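Just so it is clear, none of the values below were taken in a lab; they were calculated from the coordinates. For clarity, every value in this text was computed on a predicted model and none was experimentally measured. As a convention, Cβ positions derive from the backbone with ideal geometry for all residues, glycine included, and neighbour counts pool all protein chains shown.
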Amino acid sequence: VRKIIIDTDPGQDDAVAILLALASPDEVEVLGITCVAGNVPLDLTTRNARMVCELAGRRDIKVYAGCDRPLDRDLVTAEHVHGKTGLDGPDLPEPTMPVEDTHAVDFIIETLRQESAGTVTLVPIGPLTNIATAFRKAPDITRNVREIVLMGGAYFEVGNITPAAEFNIHVDPQAAEVVFRSGAPIVVMPLDVTHKALVTRVRNDAFRAIGNRVGVAVAEMTDFFERYDREKYGSDGAPLHDPCTIAYLIRPELFSGRKINVEIETRSELTMGMTVADWWGVTDRAPNALFIGDVDADGFFDLLTERLARL
Ligand code: BDR
Ligand code: CA
C-alpha cells in the first residue's frame, strides 16, 4: 500500500481523484489532504475537500489548509470552468468535519520527516505552492519523497489557461520550477493524457447507473464540468485530469510515457508557466520526469467506475 498525501484545489476532477483514492485502500493510504488556492480561493478548496470526504463517508480523513496565494504572483482562479464554488453541480451538504490546526506545509514537512524515507508519495493536483513552500522551508525532505505524481503541464496539447500554459503550472510557475528542480522522482500527467480521459455520455451514464450517492454526485459533477470543454474545444465530454494521477498509482500499466527533461517558463509573460518538455530529446539536459503521453481510456474508466461503486 502506497502512503500518499493529496495536495489539491477541488475542483470537480480533484473531487473524483479524492474519491478514487478513498475507494482504493488496498493500493493507497491517504495520510492527509492538503488544500491550496487554485481553481477557487483557499477557503473554498478547503470546504470542498471536506465535502468530498463526507460524501465518501470518511470524516476521519485529515484535511489541512495551505497556501492562499502563489509564491510570487497574484492568484488566477478558474470559476469559468468549475463554477462559483469550485464544485458546482451536485447539491452536497455543507461540511461539518474540522480543518486541522496544522498548516498544510508543516504537515507535509512533518510527515516526510516522520515516515521512513522513500515511503511517502506526493500527489499534487493543483498549483504546486504548498509542495514548493515545504521544499524551500525544509530542503532535507526532498530526498525522503518516494515519488511525486502530479497533474500539470502539456506538450502537444499546449495550453488551457493561456495559449502556452496549463492551469496548475501557470498559476504558480515559480513553485513548479522548485518542484521540477528538486531532484525528487516525478511523474507528470499533462493535458496530452488528460484530454484523452473524457467523460462521454456513455461513461457519465455508467457513473449514474452505479446507483450509490457517490455515483450520482460524480455524474452531476461531470455534467457541470463538461459544459466548458464541450463549448470551448468541442470535446466529447469533461476531461478527468486529476484522477489520472491516482489511477496511475493503482494501475500504472494503463499509462505510457517517456523519461525526459522538463523545464518551466518563469520569465516571459506571454508563455508564463509553459512546460518546456524535451519529448524528442533534442537537448542534452538530464531527464527529470516521466512525462506521460498516453492512457488506455476505457481501462481507466472501467477502473474508476468499479472503484466508485465501492463507496
Ligand atoms: C487542472 O486545472 C484544474 O482546473 C483542474 O482541477 C486540473 O487540476 C487542469 O488543467
Ligand atoms: Ca485540480
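A few points about this structure:
- The fraction of all Cα pairs in the chain landing in successive 20 Å bins from 0 to the largest distance is 37, 60, 3, given as whole percents.
- Within the range 268-311, backbone nitrogen closer than 11 Å to the virtual label 7 Å beyond the Cα of Glu27 toward Cβ: 300-308
- Shown is the FRET efficiency for Glu100 and Val282, computed with R0 = 41 Å from the Cβ-Cβ distance and rounded to the nearest 0.05: 0.35.
- Electrostatic bookkeeping for Ala132 treats Lys and Arg as +1 and Asp and Glu as -1; over the other residues with beta carbon under 14 Å from its beta carbon, the sum is +1.
- For the chain, the tally of Lys pairs with Cα-Cα distances below 24 Å comes to 7, considering only residues 8 or more apart or on different chains.
- Between Gly153, Gly234, Gly299, the GNM of the chain built on Cα springs shorter than 10 angstrom shows Gly234 fluctuating the most.
- Each residue of the range 90-102 was assigned a 3J(HN,Hα) from its phi angle through the Karplus expression (A = 6.51, B = -1.76, C = 1.60, θ = phi - 60°), giving x, 9, 9, x, 4, x, 10, 5, x, 8, 5, 6, 5 Hz with x at Gly and Pro.
- The chain: calculated mean residue ellipticity at 222 nm from DSSP helix runs of at least 4, using -39500 (n - 2.57): -11000 deg cm²/dmol
- Note on the range 170-311: Cα-Cα pairs beyond 17 Å make up 65% of the total pair count.
- Cα-centred dipole magnitude for the chain, charges only on beta-carbon of K, R (+1) and D, E (-1), debye, nearest 20: 440
- Pairs of Cα atoms farther than 21 Å apart, the range 13-126, %: 38
- Overall, the range 10-144 carries a charge dipole of about 300 debye about its Cα centre when +1 sits on the Cβ of Lys and Arg and -1 on the Cβ of Asp and Glu, all other atoms neutral.
- If R0 is taken as 35 Å, the Cβ-Cβ distance between Tyr233 and Glu110 corresponds to a FRET efficiency of 0.25.
- Placed amide H near Ala56: partners under 5 Å, 5+ positions off or other chain: none
- Near the amide H of Gly11, within less than 5 Å, lie the amide hydrogens of Leu87, all on another chain or at least 5 residues away, with H placed in the peptide plane.
- Residue-by-residue Karplus 3J(HN,Hα) for the range 259-267, coefficients 6.51, -1.76, 1.60, Hz, glycine and proline x: 7, 9, 8, 10, 10, 10, 6, 10, 10
- Along the axis of the charge dipole computed for the chain (Cβ charges of +1 for Lys and Arg, -1 for Asp and Glu, origin at the Cα centre), the listed residues Thr45, Pro25, Pro239 are led at the positive end by Pro25.
- For Val120, the amide hydrogen comes within under 5 Å of the amide hydrogens of Arg146, counting only partners 5 or more places away or on other chains and with H modelled in the peptide plane.
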